[in-house]
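To start, the structure under review is shown below, and the notes come after it.
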Amino acid sequence: MTPATEPPRSATGAGLPADFVWGAATAAFQIEGAAREGGRTDSIWDTFCRVPGAVRDGDTGDVACDHYHRWRQDVALMADLGLAAYRFSVSWARVVPAPGVVNAEGLAFYSDLVDGLLARGIEPWITLYHWDMPQWLEDRGGWADRGVVAEFEAYTRAVHAALGDRVRHWLTLNEPWCSAFLGYAAGEHAPGRQDPQAAVDAAHHLLLSHAAATRALRALDPDAMVGITLNLTLADPADPQDPADVQAAALHQALVNDAFLHPVLHGGYPPEVLDAWASAGGVPHVADGDLAAISAPIDVLGVNYYHGALVSAAEPAPDRVLPRPPAPPRPTGNPMLGSQGHVVRRDLPRTTMEWEVQPDGLRRLLVHLQAEHTGPAGVPVVITENGAAYDDVVAADGTVHDPERTAYLLAHVRAVQEAHAQGADVRGYFVWSLLDNFEWAHGYAQRFGIVHVDYPTQTRTPKSSARAFADVIRTGHVRD
Ligand code: NCW
């Protein structure tokens, strides 16, 4: 996990340590394809893609980037970029296609991938859950049913039995906020439910599953580095002088960040989060011992940062309403998401996801985490995802020039450097994503890759941002 020598300090003194981990990230459902090969069965996303109108253009994960068949080429691309680490997720439905069944063929795919990475000197970082629960388990209640915890532990043990001799870095969950609230409250992600009680139970069971997997991994390998990845944001009040806006922004941030940071790092749900959940219709079922289990020490906190949020208490004026990118409309009036205030437009550039570009939010977030959460808990941070979707154009000569994505990535790496110089214990940065891929409800219309994928031919073309990122990796920093 360690390249090269100490990079030269930039003029602002924002050099990163020599063992800073540079990587790229993907997720199984978004790239693998081969949905009905190798013994895999449906995940909730396969099912959701078949719901008319759920995913833009009726796109599916059936083929995606065909990474299941093309992984060797993809590992070669990673090596060309100089990646020190690759974060990928394991498909639960490939490994446990039916109750109590462990699929050796599914595990063999990941075992070969791990061997291929290590042969190129690339450290595998595994995410155990990146949103693709087996459909058979959803049929039993999914994340909303406490029985999921034992299933997740059994799945973790199966993955570790196959890969644990070579894999040291484990992330239990990716963005559990999205699994719980987009999946079970908003209904805009699989499994498409809109049930506030199910959503808060899902959140709690996700955290209990994280705890069970962490405990199991530690027992199996005392040297394992175990953590969880959260989607974190930084919310600013639309009017800092308006107490209602200040309160709305604080609650927004608490519902996204603290609802997960507090149980994991400090042993309890914040009262304002429980109150907001209750008034939106859900109170999690917490049993004795749950919170102690959830707050067992972790070795790393994975942070996915894409954008900040400007939040107002009142309904914004029409010109300040944030547009949604073309995708199925978000179901309206969901009390659970409504309780997060109104995210309003501010004068910042936006990506094609309509996400505002606010690199300084990443610096502020990292400094805030260090002061309030990870520093006191003694937990280092790794940026497990950061990146941007833009409409890329393939030029006549076949190249893809993406200056906006390049500027986005360099500005955010610079923000990481600054946060590090200000005392944040940040140890790595993974770009999202290695490849253009299936962007959930947006289908293939949103491109996050630093490598362009032409889906009809499956041709991979590194974009100019890939070259810029390779330079960052090679030099260990971004110039001022
Ligand atoms: S949609 C989303 N993403 C993108 C996805 O491709 C990846 O799999 C995810 O890990 C890019 O990175 C993540 N995240 C949803 C974030 C929504 C946060 C909304 C919070 C405010 C209410």
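Here are some notes:
- Residue match in region 128-148 (condition: surrounded by fewer than 16 Cβ atoms within 10 Å (Cβ to Cβ) and in a helix (DSSP H, G or I)): no
- Residue in region 268-281 that is surrounded by fewer than 19 Cβ atoms within 10 Å (Cβ to Cβ), within 25 Å of the chain's Cα centre (by Cα) and within 30 Å of ASP221 (Cβ to Cβ) present: yes
- For region 345-364, filtering for residues that are in contact with a strand residue (DSSP E or B) (Cβ under 9 Å, 6 or more places away or on another chain) and within 13 Å of the ligand (Cβ to nearest atom) leaves 2.
- Annotation note: of HIS412, HIS401, the sole residue that is out of contact with any Ser or Thr (no Cβ under 9 Å at 6 or more places or on another chain) and modelled with pLDDT of 95 or more is HIS412.
- Cross-chain or 6+ apart pairs with Cβ under 7 Å, region 135-164 first and modelled with pLDDT of 95 or more and polar (S, T, N, Q), then buried (at least 16 other Cβ atoms within 10 Å of the Cβ) and in a loop (DSSP other than H, G, I, E, B): GLN135/THR41; GLN135/ASP42
- Selection count where residues are in contact with a Pro (Cβ under 7 Å, 6 or more places away or on another chain) and either among the aliphatic types (A, V, I, L, M) or buried (at least 19 other Cβ atoms within 10 Å of the Cβ) (or both), scope region 333-351: 3
- If only residues of region 95-124 that are among the aliphatic types (A, V, I, L, M) and out of contact with any helix residue (DSSP H, G or I) (no Cβ under 7 Å at 6 or more places or on another chain) are counted, the one that is surrounded by the fewest Cβ atoms within 10 Å (Cβ to Cβ) is ALA119.
- Elements of type strands (runs of 3 or more DSSP E) in region 166-255, at least 3 residues being among the β-branched types (Val, Ile, Thr) and surrounded by 22 or more Cβ atoms within 10 Å (Cβ to Cβ): 225-231
- Among (1) at pLDDT 95 or above; (2) surrounded by fewer than 18 Cβ atoms within 10 Å (Cβ to Cβ) - the single one ARG479 does not satisfy: (1)
- The single residue among VAL303, VAL273, VAL286, VAL264 that is part of a strand (DSSP E or B) and either within 14 Å of the ligand (Cβ to nearest atom) or touching a residue at least 40 places away in the same chain (Cβ under 8 Å) (or both) turns out to be VAL303.
- Scanning region 256-267 for residues that are of a type in the set (A, V, I, L, M, F, W, C) and buried (at least 24 other Cβ atoms within 10 Å of the Cβ) turns up ALA259, PHE260, VAL264.
- Test result for SER179, touching a helix residue (DSSP H, G or I) at 6+ places or on another chain (Cβ under 9 Å) and more than 16 Å from the ligand (Cβ to nearest atom): no
- Applying the condition of being of a type in the set (Gly, Ala, Ser) and within 25 Å of ILE298 (Cβ to Cβ) to region 225-249 and asking which residue is farthest from the ligand (Cβ to nearest atom) yields GLY227.
- Single residue of region 423-476 satisfying the filter (buried (at least 17 other Cβ atoms within 10 Å of the Cβ) and among the aromatic types (Phe, Trp, Tyr)) that is farthest from the ligand (Cβ to nearest atom): PHE469
- Here VAL114 meets the list (1) of a type outside the set (S, T, N, Q); (2) away from the ligand (no atom under 16 Å from the Cβ); (3) more than 21 Å from GLU151 (Cβ to Cβ); (4) assigned to a loop (DSSP other than H, G, I, E, B) almost entirely, failing just condition (4).
- Pairs are defined by a Cβ separation below 8 Å, a sequence spacing of at least 6 or placement on different chains, a first member in region 21-41 that is on the phi > 0 side of the Ramachandran plot, and a second member that is within 16 Å of the ligand (Cβ to nearest atom) and at pLDDT 95 or above; the pairs so defined are GLY33/GLY61; GLY33/ALA64; GLY33/CYS65; GLY33/HIS67.
- Contact map, region 446-464: first residue free of Cβ contacts under 8 Å to residues at least 40 places away in the same chain, second residue acidic (Asp, Glu), Cβ cut-off under 7 Å, separation 6 or more or different chains; pairs are GLY449/ASP436.
- Subset of region 306-344 that is in a loop (DSSP other than H, G, I, E, B), of a type outside the set (Gly, Ala, Ser) and without any contact (Cβ under 8 Å) to a residue 24 or more places away in the chain - its residue that is nearest to ARG87 (Cα to Cα): PRO329
- Residue count for region 356-374 under the criterion of being surrounded by fewer than 20 Cβ atoms within 10 Å (Cβ to Cβ) and in a loop (DSSP other than H, G, I, E, B): the result is 1.
- Restricting region 319-332 to residues that are among the hydrophobic types (A, V, I, L, M, F, W, C) and surrounded by 14 or more Cβ atoms within 10 Å (Cβ to Cβ), the residue that is nearest to TYR390 (Cα to Cα): ALA327
The values are calculated or read from the model by the stated rules, or taken from the named source; none is laboratory data. All figures in this text were calculated on a predicted structure; none of them were measured in a lab. Because the Cβ atoms are built from the backbone with ideal geometry, glycine has one as well, and the counts that use them run over all protein chains shown.
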